[in-house]
Amino acid sequence: MKRDIKKLIVHHTGGRLGRLDSPGLIRLRHKYLRGFDDIGYHYVIGAGVLTEDGKVYEGRDVELVGAHAKGSNSDSIGVVLIGDLNKNSATRKQFESLVDLLAENCRRYGIYAGDIYGHKEVSNDTSCPGRYLNMHYVRRMVKDKLAAS
């Protein structure tokens, strides 16, 4: 049975590793430190150090409920940008890949750009996806991309 996906939630990895993170390291932390079955995010966007800048890596299968935003996992897809976006902006390639990925998933699941959220917009106990990622701008760019296609 297919999940009823109604929203997309954007994150950053944050923390001490910053851009020195990778999907493999995230998976290990989630499985062995947090006790998850697998990586909590459905997609990871690389930052150019241990990952290719802007490359989209698949995480948890989108048909499986994620573990990325407590209370919002059952009807969402989690996308994480590698890096600490409280300290630095996403790279240009990361941002472009984020907009492309979000627009693609909006089309696939019939989601409006207004149903794209930063983690802190669905959970008040975090600063994720960081102060250097403007979610209003992200939504506007996705909306423009959807209108152009």
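Just a few scattered comments:
- Boolean, SER22 is buried (at least 16 other Cβ atoms within 10 Å of the Cβ), in contact with a Ser or Thr (Cβ under 7 Å, 6 or more places away or on another chain) and among the polar types (S, T, N, Q): yes
- Taking the criterion of being farther than 20 Å from TYR137 by Cβ and assigned to a loop (DSSP other than H, G, I, E, B), the residues of segment 70-94 that qualify are LYS70, GLY71, SER72, ASN73, SER74, ASP75.
- Test: residue in segment 76-86 that is over 30 Å from ALA148 (Cα atoms) and at pLDDT below 95: no
- Criterion violated by ASP115 - all others in (1) exposed (fewer than 14 other Cβ atoms within 10 Å of the Cβ); (2) under 13 Å from ILE5 (Cα atoms); (3) of a type in the set (Asp, Glu) satisfied: (1)
- Per the conditions (1) buried (at least 17 other Cβ atoms within 10 Å of the Cβ); (2) within 18 Å of THR13 (Cβ to Cβ); (3) of a type in the set (S, T, N, Q); (4) in contact with a Ser or Thr (Cβ under 9 Å, 6 or more places away or on another chain), the sole criterion not satisfied by SER72 is (2).
- Hits in segment 107-149 (condition: part of a helix (DSSP H, G or I) and either modelled with pLDDT under 95 or over 29 Å from VAL49 (Cα atoms) (or both)): ARG107, ARG108, TYR109, ALA113, GLY114, ASP115, VAL122, LYS143, ASP144, LEU146, ALA147, ALA148
- Look at (1) surrounded by fewer than 23 Cβ atoms within 10 Å (Cβ to Cβ); (2) more than 17 Å from LEU20 (Cβ to Cβ) and you find that GLY66 fails only one, number (1).
- Checking each residue in segment 1-29 for being under 20 Å from LEU101 (Cβ atoms), of a type outside the set (D, E, K, R) and not in a strand (DSSP E or B) picks out ILE5, THR13, GLY14, SER22, PRO23, GLY24, ILE26.
The values are calculated or read from the model by the stated rules, or taken from the named source; none is laboratory data. Predicted, not measured: the structure shown is a model, and the values here were computed from it. In this analysis, Cβ positions are derived from the backbone assuming ideal geometry, glycine residues included, and neighbour counts consider all displayed protein chains.
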